[in-house]
1. Going by Cα centres, the stretch 147-215 and the stretch 459-526 are how many Å apart?
2. Once phi is turned into θ = phi - 60°, what whole-Hz ³J(HN,Hα) does the Karplus curve with 6.51, -1.76 and 1.60 give for every residue of the stretch 135-143, x standing for Gly and Pro?
3. How would you order 290-303, 660-673, 464-477 from highest to lowest mean count of nearby Cβ atoms within 10 Å?
4. Between GLU392 and ALA550, how many nm apart are label points set 7 Å from Cα along the C-beta direction?
5. Non-local amide H neighbours of ALA178 (under 5 Å, H modeled in plane, Pro and chain starts lacking H): which ones?
6. Quick one: what are the phi-derived ³J(HN,Hα) couplings along the stretch 606-612, Karplus 6.51/-1.76/1.60 with θ = phi - 60°, whole Hz, x for glycine and proline?
7. So if R0 is 51 Å, what FRET efficiency would ASN264 and ALA337 give, r being the distance between their Cβ atoms, rounded to the nearest 0.05?
8. Scan around SER366 for amide H atoms under 5 Å from its own, H built in the peptide plane at 1.01 Å from N, and keep only partners 5 or more places away or cross-chain.
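What follows draws every value from the coordinates through simple rules; no lab data is involved. Just so it is clear, the model here is predicted, and its values are computed rather than measured. Cβ atoms come from the backbone with ideal geometry, glycine included; neighbour counts cover every protein chain shown.
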Amino acid sequence: MAPYIRRERRGSVAVVVVDNPPVNALSREVLEQLAAAVEEAAADGLITAVVLTGAGKSFIAGADISMFPRLAAGEMPPVPFQDYMNRIELCPKPVIAAIGGAALGGGLETAMACHYRIASAGAQLGQPEVKLGLIPGAGGTQRLPRLAGVEKAMEMCAFGETVGSQAAAELGLVDRVASGDVVEAAVEFARGAPPVRRTRDMREKLCDAESAESLAEVFRQMARRRMPHQKAPEAAIEAVLAAARGSFEEGLAAEARLFAACLNGEQSRALIHVFFAERAAAKIPGLRAPAQPDEVRRAAVVGAGTMGSGIAMCFADAGIDVWLSDASREGLERGLAGVRRQYEAAVRKGKLSGEEADRRLKRIRSADGMEGVAQADAVVEAVFEDPGVKREVFRMIGAAAPPAALLASNTSTLDIDMIAAATNRPEFVLGLHFFSPAPVMRLVEVVRGRATSDGAIAAAMALAKRLRKIPVAAGNCFGFIGNRMFLPYRTQAVSIAEQGGEPDRIDAALTSWGWAMGPLAVGDLIGHDVWLMIRREALRRGAGHIPVSAFEDELPRLGRLGQKNGFGWYRYDENRRGHPDEELIRLLREYAAARGIEQREWTAEQIRERTLLALVNEGARILDEGMALRAADIDVVFVHGFGFPAWRGGPMHWAEQAGKAKLLERLEALYDEEGPFWKPAAWWRR
Ligand code: 3H9
């Protein structure tokens with residue numbers, strides 16, 4: 001068995017180092033060796049105390065997540081997580097955790113099984129298991145409330161947010177924050193012969209069962225609002241509640257039961273799929289490019305509208321200086337004022353300090369014409385979505401930018417090859433498709449044109465990661481991955497409305513299934529003038545297999561632009577809340593009657609079947625054509641860019657889980673009844 005633990009000795013203190021790159025994740029072998037190393041030190045007469053730490057940047061980033069699907073499938077024997085922690089805690093000599101980086105999930109649980117915790121200033125501590133559809137399963141739900149109180153433990157376990165070391169010290173989760181080397185500080189502390197102090201024996205911070213129950217009710221309500229449909233948050237609350245209700249052992253038993261239920265559920269399978277899919281998406285096999293592309297030190301964004309100024313903020317947030325320019329002085333001023341407002345709002349909400357906001361603001365400089373582009377290592381164009389305008393802007397960018405600069409367009413629909421052809425160096429040109437609002441949304445589609453070089457793609461992937469985005473490689477087809485699939489999905493929703501479906505019931509069928517927004521409401525949000533433009537471009541670029549959603553194309557002419565003018569599929573009040581609109585229904589029914597469209601009743605199930613099959617079948621075509629590298633990349637796009645429920649794992653994962661053969665049967669039936677739109681892609685049979 002490979003050694004995952006290093007043992008060092010500093011006088012009478014044993015230093016046990018978990019060394020399992022990249023993040024010291026805990027597999028069964030690591031846990032076994034760790035517990036054994038602590039027991040060995042306990043048995044060594046020359047040792048008076050143990051310091052437990054992690055090699056590299058992390059302390060321990062949790063259990064090795066890749067084992068959970070195998071555990072759930074019964075492909076490996078159960079791992080007694082709690083027992084390993086108990087073995088560390090029961091050590092008769094003081095054990096001190098030296099936390100130099102991330103102590104997450106099983107990592108924090110290990111730290112809490114130690115008798116003391118010393119953290120470096122930059123350490124992060126948390127129980128993020130809910131984000132994987134799980135709860136802490138190594139005693140965390142029992143030890144955290146004993147150290148930080150029931151309320152904080154419920155919050156941390158139910159929502160998975162991490163805390164920094166200073167906050168952890170204030171909570172009592174960390175005993176000291178070390179200013180220098182954390183292992184040195186822990187060894188020094190150990191030399192002071194602190195008494196053994198076991199978290200399991202602490203009850204002072206546990207409230208009585210009745211108060212814990214009231215807290216649990218508050219958190220349950222919050223969980224239903226913040227993470228609707230998800231099972232793990234409530235299971236985590238239940239497990240922490242057990243700490244206040246009974247003994248430590250009873251609490252562990254409750255935790256184990258609740259953990260097993262989550263582990264065996266579909267939600268954890270889906271969320272773990274998304275975790276690995278996000279990381280895999282950044283890797284493009286076979287790229288001939290340096291592993292470490294040149295670092296972007298200065299960037300330029302051309303076009304200071306909502307997208308452009310938002311993208312400039314992404315650079316500033318990542319510590320990169322950026323020039324922002326616009327065709328008009330007023331446009332630039334408006335963009336910069338918007339940026340300032342957003343940073344001020346972040347300060348007001350306590351998300352940023354005033355000084356940090358100032359620093360970021362200063363990184364965004366206004367530029368005249370191409371003066372910023374001329375000095376930039378990377379340029380992102382975000383001007384009006386018009387082929388003529390884009391071509392002209394790229395001609396100027398190509399003429400002005402330094403020779404090796406990355407030239408990216410933020411187009412969502414246009415042909416990258418057409419844009420690249422306007423420059424003198426198409427090999428440096430690609431699409432970087434950000435989603436709105438750019439500073440918040442993590443997805444970026446990295447679109448490869450015919451001439452784009454491997455080096456440019458590698459540089460763009462690296463840049464997107466530096467901007468803390470999740471980059472997904474996409475081919476240069478209409479709408480790339482996300483918008484291309486969203487179009488037939490929405491078209492089906494419109495077609496159901498034309499055939500008698502009530503707009504609010506169509507949207508509800510999908511939001512009750514987990515989507516963040518219904519497809520018709522999204523149309524109102526984006527604006528029907530914009531949709532019309534997108535649909536025209538789709539037809540121009542040969543996405544002709546997607547039937548026209550003719551009624552929606554009428555909406556701009558009917559003065560219904562969506563949220564922006566208060567009328568779309570819904571009528572909007574002053575708080576931008578949508579209400580069913582009788583006038584819209586009348587127009588819709590008139591439209592259908594004039595064209596002889598048959599009206600019928602629709603169940604939520606039927607609405608979901610059509611819209612989701614349309615979505616997945618387009619994803620399948622994208623895979624057939626090689627426009628996405630993997631089905632999981634499509635899942636990442638939909639989870640991070642379109643509000644698809646992460647706990648269903650993305651559209652392609654959902655289809656796999658629901659049963660491809662069964663869905664294909666339905667698709668074939670629709671194909672027989674209604675023709676080419678439903679033609680199943682080859683992927684279904686693979
Ligand atoms: C748990 O602990 C349950 C417990 O209660 C225990 C008992 C039941 N396992 O994110 P990065 C890989 S559940 C396996 O790009 P960063 C990751 O796939 C766990 N692999 O780096 C990637 O691999 P590759 C609770 C893991 O610097 C590489 O490490 N813990 C794990 O941006 C680098 O990752 C969590 O949920 C893991 N636990 O961020 C924490 N973690 O290079 C999950 C990472 O092949 N992890 N990898 O693509 C994180 O949040 C971030 O990775 C971290 C570093 C903040 C640590």
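1. Here the two parts' Cα centres lie 43 Å apart.
2. 10, x, x, 10, x, x, 6, 9, 7
3. 464-477, 290-303, 660-673
4. Each label point lies 7 Å from its Cα, and together they span 3.6 nm.
5. ALA119, SER120, ALA121
6. Each residue of the stretch 606-612 in turn: 5, 4, 5, 4, 5, 5, 6 Hz.
7. For ASN264 and ALA337, the calculated efficiency is 0.45.
8. Sorted by chain and number, the residues that satisfy this are LEU324.
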